[in-house]
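Everything on this sheet refers to the single structure shown next.
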Amino acid sequence: MSNKNHWEKIYIEKKPNEVSWTQEVPDTSINFFNSFNLDKSSPIIDIGGGESRFVDYLIENGFNNISILDISENAINRVKERLGKNSKRINWIITDINDFNPKIKYSFWHDRALFHFLTEKKQIKRYTEIVNSYARNFLVGTFSKLGPSKCSGLDIRQYDKNSLEKLFCFGNLIMKECEYINHVTPFKTIQNFIFCSFSSKSTFEH
């Protein structure tokens, strides 16, 4: 089964309370995002947005240049239905992250729980290069070394602060801060994540 077929099937068969990554309020992402103090018109992208409620927060707080990327059209259709008329304010991108070719630089690139699904070195290299080229500020939330070794039946990669810094801080990005978070799933199990934020060198200096 291809990656796309896998995720389309998940978002047909599973409700939000039946998948481990669901958060009613994405507090960690919100707190990191607020630390960047971005203008309301800043271009923002949520990578692997799925049914995340991070977009709800952005809309409610007046941000008006939002893109959401996901491989699953079913996931995006479910978010559109949830957002109603506000869905017309979003730039929807249905593609595999491995095929994504950004056209602009984003003031904030948000990735909660997509990066750890990239398990091949060439995929990881391409992703880190794109982030360095197209993100002024970047937040990644991924499984830590204490987190699961699989998710949604797929193999993943685990990370710590040093490995994330080594992967992303080779070009334009500087690591700002990292935090380990215990995510409580809808099934009341615990998954340990690491969230790390980065800024471009020019942004960081200012």
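Structure data summary
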quantity: Residue under evaluation Glu24, criteria (1) surrounded by fewer than 14 Cβ atoms within 10 Å (Cβ to Cβ); (2) modelled with pLDDT of 95 or more, criterion not met; calculated: (2)
quantity: Some residue of the stretch 92-111 being in a helix (DSSP H, G or I), among the small types (Gly, Ala, Ser) and either surrounded by fewer than 14 Cβ atoms within 10 Å (Cβ to Cβ) or in contact with a strand residue (DSSP E or B) (Cβ under 9 Å, 6 or more places away or on another chain) (or both); calculated: no
quantity: Verdict on Cys196 being buried (at least 21 other Cβ atoms within 10 Å of the Cβ) and over 22 Å from Asp56 (Cβ atoms); calculated: yes
quantity: The listed residue being loosely packed, with under 14 Cβ neighbours inside 10 Å and hydrophobic (A, V, I, L, M, F, W, C), out of Ile30, Ile12; calculated: Ile12
quantity: Meets criteria (more than 15 Å from Trp7 (Cβ to Cβ), charged (D, E, K, R) and outside any helix (DSSP H, G or I)) for Asp56; calculated: no
quantity: Yes/no for Ile30 being part of a helix (DSSP H, G or I), touching a helix residue (DSSP H, G or I) at 6+ places or on another chain (Cβ under 9 Å), β-branched (Val, Ile, Thr) and at pLDDT 90 or above; calculated: yes
quantity: Search result, residues across the stretch 129-163 that are assigned to a helix (DSSP H, G or I) and buried (at least 22 other Cβ atoms within 10 Å of the Cβ); calculated: Val131
quantity: In the stretch 35-92, the residues that are in contact (Cβ under 8 Å) with a residue 12 or more places away in the chain and among the basic types (Lys, Arg); calculated: Lys40, Arg53, Arg78, Lys80, Arg82, Arg89
quantity: Inter-residue pairs, beta-carbon under 7 Å, first among the hydrophobic types (A, V, I, L, M, F, W, C) and in the stretch 149-166, second part of a helix (DSSP H, G or I) and at pLDDT 90 or above, 6+ apart; calculated: Leu154/Phe117; Ile156/His116; Ile156/Phe117
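Quick grid of which residues meet (1) in a loop (DSSP other than H, G, I, E, B); (2) closer than 21 Å to Lys103 by Cβ; (3) under 12 Å from the mean Cα position of the chain (by Cα); (4) small (Gly, Ala, Ser):
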{"position": "Glu24", "(1), (2), (3), (4)": "yes, no, no, no"}
{"position": "Gly49", "(1), (2), (3), (4)": "yes, yes, yes, yes"}
{"position": "Asn64", "(1), (2), (3), (4)": "yes, yes, no, no"}
{"position": "Ile76", "(1), (2), (3), (4)": "no, yes, no, no"}
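The values are calculated or read from the model by the stated rules, or taken from the named source; none is laboratory data. Here the structure is a predicted model, which means the values were calculated and not measured. For neighbour counting, all protein chains shown are included, and Cβ atoms are generated from backbone atoms with ideal geometry for every residue, glycine included.
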